[in-house]
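Working notes for the structure below.
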Amino acid sequence: MTTETINDTSQYLTFSLDNEIFALDIAQVREVLELSPITRIPRTPQFMRGVINLRGHAVPVVDMRLKFGMNHIEDTVNTCIIIVEAHFGDERSVLGALVDSVSEVIEMPPSVIEPTPRMGTAIKSDFIRGIGKHDERFIIVLDVGRVFSEEELEMLSAQSRAGGDDSGKTIPVKRNPAGAMAV
């Protein structure tokens, strides 16, 4: 593989929600955690599950199923929390995305990612960076910076200041030679 090819290929962490495959740019992912008890914060939207304690810092956790208008299901052994970092202007927000399961880290060159379709998706299309194709399946590539409104991020920030618990277990994340993470 040439240097030019490596630079043109983006790596994504794939995960599932309601039998659909989604992806996040690996540059936005800090780590993947096993599901741990989440402390609920009163008077927050239903999709904001609460906070966890991540190495002494309260991190808000968002149930991505509920955020995208999908049906709630009971957590399973595969349910996990993806810790993501989103930048909004000069501010950086760290939050947890509760997902059904994490799949793998994949490479998708920009040429296999199509623009966001106007209709036919279960979530609002402004959350979607594009639709990729990998191994004959479609993958919805999300833009973390557009999944949440400024008001929601302020609420998430307030949750972070409210506190959490100490029971988060980390799933080891390995970096491949190109510097990307692998679960």
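Overview of values
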read-out: Flag for V62 being touching a Phe, Trp or Tyr at 6+ places or on another chain (Cβ under 7 Å), among the β-branched types (V, I, T) and part of a strand (DSSP E or B); value: yes
read-out: Any pair with Cβ under 8 angstrom, 6 or more apart, that starts in the range 132-145 at a residue that is touching a residue at least 40 places away in the same chain (Cβ under 8 Å) and more than 14 Å from S10 (Cβ to Cβ) and ends at one that is of a type in the set (F, W, Y) and in a strand (DSSP E or B); value: I140/F22; G145/F88
read-out: Extreme residue, surrounded by the most Cβ atoms within 10 Å (Cβ to Cβ), among residues of the range 73-94 that are over 11 Å from the mean Cα position of the chain (by Cα) and more than 19 Å from E34 (Cα to Cα); value: S93
read-out: Failed item in (1) in contact (Cβ under 8 Å) with a residue 24 or more places away in the chain; (2) in contact with a strand residue (DSSP E or B) (Cβ under 8 Å, 6 or more places away or on another chain); (3) buried (at least 16 other Cβ atoms within 10 Å of the Cβ), with F47 passing the rest; value: (1)
read-out: Residue that is farthest from G130 (Cα to Cα), among those in the range 69-110 that are touching a strand residue (DSSP E or B) at 6+ places or on another chain (Cβ under 9 Å), part of a loop (DSSP other than H, G, I, E, B) and of a type outside the set (V, I, T); value: D75
read-out: Filtered residues of the range 102-145 (kept if within 28 Å of L35 (Cα to Cα), exposed (fewer than 15 other Cβ atoms within 10 Å of the Cβ) and at pLDDT 80 or above); value: E104, R137, F138
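The values are calculated or read from the model by the stated rules, or taken from the named source; none is laboratory data. As the structure is a prediction and not an experimental result, all values here were calculated from the model. All Cβ positions, even for glycine, are placed from backbone atoms using ideal geometry, and neighbour counts span all protein chains on display.
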